[in-house]
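What follows is a single structure, written as C-alpha cells, with notes after it.
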Protein chains: 4
Amino acid sequence: MRRYVHDQLFIHSEAAQLRHGLSWMNRLMVTTILAAILLTVLASEETLFQPHRALFIGAEMVFGVIFGVEYLARVWAVVEDDPATPAWKMRLRFMATPVALLDLIVVISSLLPFFFSDLAVLRLIRLLRLAALIKFSHFSIALRELMHALTDRRYELLVTLALGGGLLLLGATALYWAEREVQPEAFGSIPRALYWAVITLTAVGYGDVSPVTPLGKLLASLVAMSGIGLVAMPTGIMAAAFSDAMQRRRALNDPTLARREDDETDPT
Amino acid sequence: MRRYVHDQLFIHSEAAQLRHGLSWMNRLMVTTILAAILLTVLASEETLFQPHRALFIGAEMVFGVIFGVEYLARVWAVVEDDPATPAWKMRLRFMATPVALLDLIVVISSLLPFFFSDLAVLRLIRLLRLAALIKFSHFSIALRELMHALTDRRYELLVTLALGGGLLLLGATALYWAEREVQPEAFGSIPRALYWAVITLTAVGYGDVSPVTPLGKLLASLVAMSGIGLVAMPTGIMAAAFSDAMQRRRALNDPTLARREDDETDPT
Amino acid sequence: MRRYVHDQLFIHSEAAQLRHGLSWMNRLMVTTILAAILLTVLASEETLFQPHRALFIGAEMVFGVIFGVEYLARVWAVVEDDPATPAWKMRLRFMATPVALLDLIVVISSLLPFFFSDLAVLRLIRLLRLAALIKFSHFSIALRELMHALTDRRYELLVTLALGGGLLLLGATALYWAEREVQPEAFGSIPRALYWAVITLTAVGYGDVSPVTPLGKLLASLVAMSGIGLVAMPTGIMAAAFSDAMQRRRALNDPTLARREDDETDPT
Amino acid sequence: MRRYVHDQLFIHSEAAQLRHGLSWMNRLMVTTILAAILLTVLASEETLFQPHRALFIGAEMVFGVIFGVEYLARVWAVVEDDPATPAWKMRLRFMATPVALLDLIVVISSLLPFFFSDLAVLRLIRLLRLAALIKFSHFSIALRELMHALTDRRYELLVTLALGGGLLLLGATALYWAEREVQPEAFGSIPRALYWAVITLTAVGYGDVSPVTPLGKLLASLVAMSGIGLVAMPTGIMAAAFSDAMQRRRALNDPTLARREDDETDPT
C-alpha cells in the first residue's frame, strides 16, 4: 500500500505523466490547492470575510488538515524511492528539501487558527498560504521544461536583460536631467526617475508621472521608442526556447508527433 | 435543387473552400451578417436610433426574415449530408447542434419587434443579435485550423497561462500588502488589487489605480517588468502554432507552395 | 542621355538595387523628400513659422521646383522602358498611374504659394505635401517584398484580424452593458464603448475612459487579458512572413549568404 | 607578469570566454563598475546624499582610484598584443580607441572631487560616471554578436523602422488636423502631435494627451490599431536574428549542442 501511495503522490517518470496524466491523488491535491488559494484571496475582502467568519475559518482548517495529511503521507511514502537506504534517512533528507519545507509552512499557517485568534496576526499569516502556489511544482514537468529552456538560453537572456537594465538607467538619468527642477517629487533623483522609466519602458504608462517640459517629452519619446526593441526581446527568446523544448519532449514521447526532431535524435 | 442548396450552404470539404472560395449564397450570408451586426451597433446609439426609429426597426425585421429563411433552408437541405438516414432524424440532429441553436436565437431575437414593442426589453434583446458573430463559424476553416493549432500546443499554453495567473496573484498580493492602508478603496483586498494587477501586467495601465508609496512603486516596477516575459509568451506560442498549421494546410492543397512540409507529409 | 536619366530615376531590376544601392539621382530625391517633409512638419508650428515666414515659403517653392523637374524628367524618360511603343502613349500611361498622380499633387501643392497667399487655405494645402511620403515607394524593393509577404499570408492575417474585430465588438458590448448607466458619455452606446475597447485591447490605456463599477472592472480585466493573444498575433505572423521573404530574396542575390533557402530554390 | 595581466584584462579569443568565463580581474572590474553605478544612482537622491556626504565622496574616490589603476594597467599591458610593434606605438594606438577614451573620462570624473568641491558642478560631473556602463563592452562577446545580428538584418529593420516613422508622421498629422482647435497646447502643430503619436504607437499611453472630439477618437483608434503591426515588427526581427546568431556561435564552440547549424558550417 505504501508503494501505491508513493506512485500516486510522486512524479518521477516524465514519460509516465505525459502518457497517463496526473494520478487521482494528485488531481485531488491540485483541486484542493486551487480552492485554498481562492479562499485566501476571498478572505482578504473584509466585506466578504466579516459576515461569514465562521465559514472562512472552518474551511481554512479543513484545508490545513488535508495539507497536513498529504505532508505526512509524503514523508511516510518517500522511503519507496530507494528501498536500500534506511527509512529515517530518506525521510529526513526529503523533509530538508526546499519544497517540503514550504509544504510544512503552508500546513502550519493553515492550522494556526486552531491555536490563537488574534485577527491582525492572522491576516498576515493567511497570506503565507499563497505559498501553496509553489506546491504546484510537485506536479509540473512543463515547469521543469521551462526552467531548462531558460537555462539553455541564459546567455541571450542575460545580454538582453542587461541591455534593458542599461536602457532603464539611461532613460531615468535623461529624464532626471530634464525634469528634476520642474517635478522634483517625481524626477528629483535617479531612483525616483527609475519608477517612471520602468512604467514607460514596459509600456504600462499609468500617467501618474509623465514629462511636462518640451525637452522631457522629446527624451521620453526616444526612451519609449528604443524600449520597444530592448524590452520585448527577452520575450521572443523565451517563447522560442520554451516552444522548442516542448516540441522536442513531445517528439521523444510520442513517435507519431515526431517531425524534424526525429531527424536529429535518431538519424539512423 | 435541394442538392444545390445544400452544396451552397454547407462547407464540408476544406480543400474545396480553399480552391473555390465561398459559394454565392455564403457570400450573401456573410454580407448580411456584417450588415446586421453594424445595424445593432449603430442602434445602440440613441442619438442615431431615435430620429430613425422606423428605419432601424424595419431593417431589423428584414434581417430577421433573411436569417429565418436561411435557417429553414439549412434544416431542409441538411438531409443531403447522408441520404441513408431518415430526413426527420437528420433534421432534428442538426437542429440540436449548438451552432443551429444559436442561429435560432438570432432569428427569434430579430423577429421579436413584430410581436411587442417595449423599448427597454428590446434594447437587451437587440444585443442577442451579436450572437450572429458565431454564425461565421459556419464559413471558416481557418477558425477550425486555429482551434486545432491551439489544441496542439495546449500544454505550453496551459503552463504559460498558469504562470501568468500565479504572477497576477503574487502581484496583487504584494500591492495589497504595500498599499492597503493608504488606498483601501483600490488595494483593500486581494480581489480589488487583482484589477490593478491585470491592468498592469497586460500593459494597459489606465492610471485610475496606481501605487503611491515608495514600497508600492518598487513592487509595481518589479511586477511590470516580470510581466513582460510571462504575459507575452502565450502570444508567441499561439502565433507560431497557427502559422505552422496554415503553412501545412496550404502545402497539402497547393503542391507548388509546398516546401519543407512536403518532406514530412509525403516523403516517399 | 535620356537613357542615362531613365536608368538613374527608375528601378526595374531588384538585383541591381541590392547590388549597387540607389543611384545618385535617387539619393538626391530621397534627401529632398526627407527635407521637404521636415519643412512641412516644422511649418505647422506657428511659433517657428511666423518669425521665419519668408524662409519657409522660399524653401517650399525650391522643393516645389525640384519635385516639378523630377516629375517632368520621369515623364520624359519613361519612354525608354519600351522603345517599341509610341512615346506619347508611354507617357500618358505613366501619368495615369496612381504613384505619378500623387507626384503631381505633391508638385502642385508645393507650387501653389506662387499663385495665392491666403494663409488658412495654405495651411491645409501644405499638409498635402506629406503625400511625398508615398514617393518613397519609387525606391523601395523591400516595401514590395513586405506587400508580397503580407499577400502570402493574407489568410492567417484575415482570420486573426477578424477574431480581433470580434473581440473588440464583444468587449465594447460587454462594457456598454455594464457601464452605460454610470458613464453614459463614455459607454452610452456600442460605438462609444468601441473607443474604450480599442484603447484597451491595443494596451494603450490612456485612462480617459475606464470602468468604475465592480462588474465593469471584472469585464475590463477579461477583455484586457484575452486581448493579449488575439491582438498581438498578427504581429508575429507579419514579422515571420517578412523575415522569411527577405532571407529568400537575399539568398537568391548573394550565394554566399544562401543557406537552407538554396535547398528549396535550386536543389539540383 | 605583464603577460599575465594582459591575459587577465583583455578578451581576445571568443571561444576562451565561452569556455572559461571571465578572468578573476575582469570579474572584479564588473563588480566594481556595478558598485560605482549604484553609488552614482543613490548619490542623486539628496535625502540619501546629504546625511552621508563624506561616505559617498570617499567611495567615489576609491572607485576613481580603482578605475585609474585599471586604466594604467591596460595601457601598460596592451603591448603584449603584438610584441613586434614598439611599445609606445601600441600604447598610443590603444589610448586613442573610443573605449579607452571613455575609460579616461570615467577615471577623471571620478577623481575630480579631489581637486574642487563645488556641488552644482559635481552633480553634473557625477552623471558622467554612468559612462562606465560602456566599459561593459570590454567584456561582452554577446554584445558584438547582437550588433552583428542587427547588421545582418539591417535591411528589414530599416524598412520596418521607416514604415513606423511614416506611421508616426501620418498619425500626428491626422490628430493635428482633427484636434488642433480644441487642444492647441497638445495638438497645435505636427511636432506637438508627434509626442502624442509616439506615446500612442508605443502603447505607453500616459493619458496626459488624448483626443476629445469624436473624429479625433476615431482617428486615434485607427492609429493605435495600425501601430500594433508596424511598431512591434522590428522586435520580432531583432529577437529572431539575435537568437539565430547565438545558436550558431554555440554550435561552433560546443559540438554536442550543434544541431542544424553543423549541416551548414561543416557539411563534409
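The values are calculated or read from the model by the stated rules, or taken from the named source; none is laboratory data. Note that the structure is predicted; figures quoted are calculated from it, not measured. Neighbour counts run over all protein chains shown; Cβ positions are idealised from the backbone, glycine included.
Any residue that is in a loop (DSSP other than H, G, I, E, B) and either within 11 Å of another protein chain (Cβ to nearest Cβ) or at pLDDT 80 or above (or both) - is there at least one of those in segment D:165-172?
Initially, segment D:165-172 is screened for residues in a loop (DSSP other than H, G, I, E, B), giving none.
No, because not a single residue in segment D:165-172 is in a loop (DSSP other than H, G, I, E, B) and either within 11 Å of another protein chain (Cβ to nearest Cβ) or at pLDDT 80 or above (or both).
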**Message:** I'd like to verify a number: residues in segment C:195-205 that are of a type in the set (A, V, I, L, M, F, W, C) and either within 16 Å of B:L48 (Cα to Cα) or free of Cβ contacts under 8 Å to residues at least 12 places away in the same chain (or both), how many?
**Reply:** 2
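With surrounded by fewer than 24 Cβ atoms within 10 Å (Cβ to Cβ), part of a helix (DSSP H, G or I) and not β-branched (V, I, T) as the only criterion, which of B:G236, B:G216 stands out?
Numbers: B:G236 fails: surrounded by fewer than 24 Cβ atoms within 10 Å (Cβ to Cβ).
Result: B:G216 is the single residue among B:G236, B:G216 that is surrounded by fewer than 24 Cβ atoms within 10 Å (Cβ to Cβ), part of a helix (DSSP H, G or I) and not β-branched (V, I, T).
Just to verify a result, which residue in segment C:1-36, among those that are of a type in the set (S, T, N, Q) and in a loop (DSSP other than H, G, I, E, B), is modelled with the lowest pLDDT?
Residue satisfying both the conditions and the ranking: C:S13.
Which residues, taken from segment A:56-70, are of a type outside the set (F, W, Y), in contact (Cβ under 8 Å) with a residue 40 or more places away in the chain, farther than 23 Å from A:M1 by Cβ and out of contact with any Phe, Trp or Tyr (no Cβ under 7 Å at 6 or more places or on another chain)? Please lay out each step first, then the result.
At the first step, the residues of segment A:56-70 found to be of a type outside the set (F, W, Y) are A:57-62, A:64-66, A:68-70.
Then drop every residue that is not in contact (Cβ under 8 Å) with a residue 40 or more places away in the chain, which leaves A:57, A:60-61, A:64-65, A:68, A:70.
Next, from what is left, pick out any that are farther than 23 Å from A:M1 by Cβ: A:57, A:60-61, A:64.
Selection gives A:I57, A:E60, A:G64.
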**Request:** Return a yes/no flag: does segment C:54-61 have any residue that is modelled with pLDDT of 85 or more, surrounded by 15 or more Cβ atoms within 10 Å (Cβ to Cβ) and within 14 Å of another protein chain (Cβ to nearest Cβ).
**Result:** yes
**Complete:** When segment C:211-226 is checked residue by residue, the ones that are at the interface with another protein chain (Cβ under 7 Å from one of its Cβ atoms) and of a type outside the set (K, R) are C:S221, C:A224, C:M225
**Request:** Test D:A186 against the stated conditions and say whether it is modelled with pLDDT under 70, among the small types (G, A, S) and under 27 Å from A:G227 (Cα atoms).
**Result:** no
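If I ask for residues that are in a helix (DSSP H, G or I) and within 11 Å of another protein chain (Cβ to nearest Cβ), which ones from segment C:40-53 would you list? Before the answer, list the steps.
Residues of segment C:40-53 that are in a helix (DSSP H, G or I), as a first pass: C:40-43, C:46-53.
Hits for segment C:40-53 are C:T40, C:V41, C:L42, C:A43, C:E46, C:T47, C:L48, C:F49.
On the given criteria, is B:L92 surrounded by fewer than 17 Cβ atoms within 10 Å (Cβ to Cβ), touching a helix residue (DSSP H, G or I) at 6+ places or on another chain (Cβ under 9 Å) and assigned to a helix (DSSP H, G or I)?
Numbers: surrounded by fewer than 17 Cβ atoms within 10 Å (Cβ to Cβ): yes; touching a helix residue (DSSP H, G or I) at 6+ places or on another chain (Cβ under 9 Å): no; assigned to a helix (DSSP H, G or I): yes.
The answer is no for B:L92.
To keep it simple, each residue is scored yes or no on (1) under 26 Å from B:L150 (Cα atoms); (2) modelled with pLDDT under 85; (3) touching a strand residue (DSSP E or B) at 6+ places or on another chain (Cβ under 6 Å).
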site: C:A178; (1), (2), (3): no, no, no
site: C:A197; (1), (2), (3): yes, no, no
site: C:T200; (1), (2), (3): yes, no, no
site: C:A203; (1), (2), (3): yes, no, no
site: C:V209; (1), (2), (3): no, no, no
site: C:M238; (1), (2), (3): yes, yes, no
site: C:A245; (1), (2), (3): yes, yes, no
site: C:T256; (1), (2), (3): no, yes, no
site: C:D262; (1), (2), (3): no, yes, no
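Picking from C:D152, C:D208, C:D244, which residue would you name as being surrounded by fewer than 22 Cβ atoms within 10 Å (Cβ to Cβ), more than 7 Å from chain B (Cβ to nearest Cβ) and without any contact (Cβ under 8 Å) to a residue 24 or more places away in the chain?
Details: C:D152 fails: without any contact (Cβ under 8 Å) to a residue 24 or more places away in the chain; C:D244 fails: without any contact (Cβ under 8 Å) to a residue 24 or more places away in the chain.
From the options C:D152, C:D208, C:D244, the qualifying one is C:D208.
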**Asked** So which residues in segment C:173-205 are closer than 23 Å to D:D208 by Cβ and part of a loop (DSSP other than H, G, I, E, B), if there are any at all?
**Response** C:Q183, C:T202, C:A203, C:V204, C:G205
**Asked** Applying the selection to segment C:178-200, what residues are surrounded by 18 or more Cβ atoms within 10 Å (Cβ to Cβ) and either acidic (D, E) or over 21 Å from D:A220 (Cβ atoms) (or both)?
**Response** C:A178, C:E179, C:R180
**Asked** Any idea which of C:A73, C:A84, C:A77, C:A100 is out of contact with any strand residue (DSSP E or B) (no Cβ under 6 Å at 6 or more places or on another chain), under 20 Å from C:H6 (Cα atoms), of a type in the set (G, A, S) and outside any helix (DSSP H, G or I)?
**Response** C:A84
